[in-house]
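Engineer: Before we start, here is the structure in question, set down as structure tokens.
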Amino acid sequence: MTAISPLESIHKKGTFGDHHRRHETDLLKISEIKNLSIVQVVQYKRSKINIKDIRIDNLEIPIKNSTVKSNNETRILWSAPRTYLIISKKENIISIIKENCIDKDFAITDISHSRAVIQIKGFKTKELLKKGSPINFEELGINQCAGTVFHGISIVIDSVSVDSYNLLTLRSFGESFYHHITDAALEFGYVGI
């Protein structure tokens, strides 16, 4: 977990864009998600462990591409074959992962400090994301994820619910990505939380 969040100096709170004559519940909600542990887990090719036998925070590891397994505190994203992103609010998630994924079978990398995470909520969220990403959002259902680009910046999209998405990008692109997102949101009006 990071002490200084990637967007701490630029994320603004308040109401912005075309919010006049609209009820606040109809506006997009944009926030930075802080204090997350983000861990990449890669199963070595030589590993004989059946991934179906592994549980992390009482969650199965997703074996189908672009799927997400989740509970209230942890989300496990299928990232690539034998590669997973584990995103959790639990401070001890790395210990939990290491208990279940031994070193000889898995590479475990804490990437918490190298990612910026933006959450967007609201019924116009898909329309906002369509402005900068080539992905078909009508096919991206709840608890699915995808790697894509937004205005040329590589991102991971995690579909949390019908109108709520977590967007992960490299920390070094965080400010540019934030500006692209908030610029695209001006048309719909948004609340910075």
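Engineer: Might you tell me the accessible area per residue for the chain, computed with a 1.4 Å probe and given in Å²?
Structural biologist: It amounts to 52 Å² per residue over the chain.
Engineer: Oh, and also: Which of (i) 18.9, 61; (ii) 17.2, 60; (iii) 20.9, 68 is the computed Rg and Dmax of the Cα atoms in Å for the structure on display?
Structural biologist: Read-out from the structure maps to (ii).
Engineer: On each of the three principal axes of the Cα atoms of the stretch 1-59, give max minus min coordinate, whole Å, ordered largest first.
Structural biologist: 60, 27, 20
Engineer: Measure out, as a whole number of angstrom, how far apart the alpha-carbon centroids of the stretch 89-110 and the stretch 151-184 sit.
Structural biologist: With the stretch 89-110 and the stretch 151-184 each reduced to a Cα centre, they are spaced 26 Å.
Engineer: Given a Förster distance of 22 Å, report the FRET efficiency between SER114 and ASP163 from their Cβ-Cβ distance, rounded to the nearest 0.05.
Structural biologist: 0.20
Engineer: Any idea what the relative contact order of the chain is, in percent, if you count C-alpha pairs under 8 Å spaced at least 6 apart?
Structural biologist: This gives 32 percent for the chain.
Engineer: Next question, about the same structure. For a quick check of your reading of the filter: which trypsin sites (Lys or Arg not before Pro) in the stretch 1-90 sit in a DSSP loop and have no more than 11 other Cβ atoms within 10 Å?
Structural biologist: LYS12, LYS13, ARG21, LYS45, ARG46, LYS48, LYS64
Engineer: So, taking all protein chains as they sit and a 1.4 Å probe, how much accessible area belongs to ILE193, in Å² rounded to tens?
Structural biologist: Solvent-accessible area, nearest 10 Å²: 100 Å².
Engineer: Count neighbours as other Cβ atoms within 10 Å of each site's Cβ, and list the chymotrypsin sites (Phe, Trp or Tyr not before Pro) in the stretch 1-108 that are DSSP loop with at most 12 such neighbours.
Structural biologist: Answer in residue order: no site qualifies.
Engineer: Of PHE150, HIS23, ILE120, which is farthest towards the positive pole of the chain's charge dipole, taken about the Cα centre with +1 and -1 on the beta-carbons of Lys, Arg and Asp, Glu respectively?
Structural biologist: Going by the charge dipole, the pick is PHE150.
Engineer: Going Cα to Cα from LYS90, which lysines come in below 20 Å? Please leave out same-chain ones fewer than 8 positions away.
Structural biologist: In chain and number order, the partners are LYS34, LYS69, LYS98.
Engineer: For helix 174-185, report the angle its Cα long axis makes with the longest principal axis of the Cα atoms of the chain; keep it between 0 and 90° and round to the nearest 10°.
Structural biologist: Tilt of helix 174-185: around 50 degrees.
Engineer: Where Rh is the Kirkwood radius over the Cα pairs of the stretch 116-180, the temperature 4 °C and the viscosity 1.567 mPa s, what D in µm²/s does Stokes-Einstein return?
Structural biologist: 111 µm²/s
Engineer: Of all accessible surface on the stretch 31-171 at a 1.4 Å probe, what whole percent is carbon and sulfur?
Structural biologist: 47 percent
The values are calculated or read from the model by the stated rules, or taken from the named source; none is laboratory data. Computed from a predicted structure; not experimentally measured. FYI the Cβ positions are ideal-geometry reconstructions off the backbone, even for glycines, and counts take in every protein chain you see. Surface areas here come from the heavy atoms of the whole protein model, side chains and all, with no ligands, DNA or RNA. Shrake-Rupley method; radii C 1.70, N 1.55, O 1.52, S 1.80 Å.
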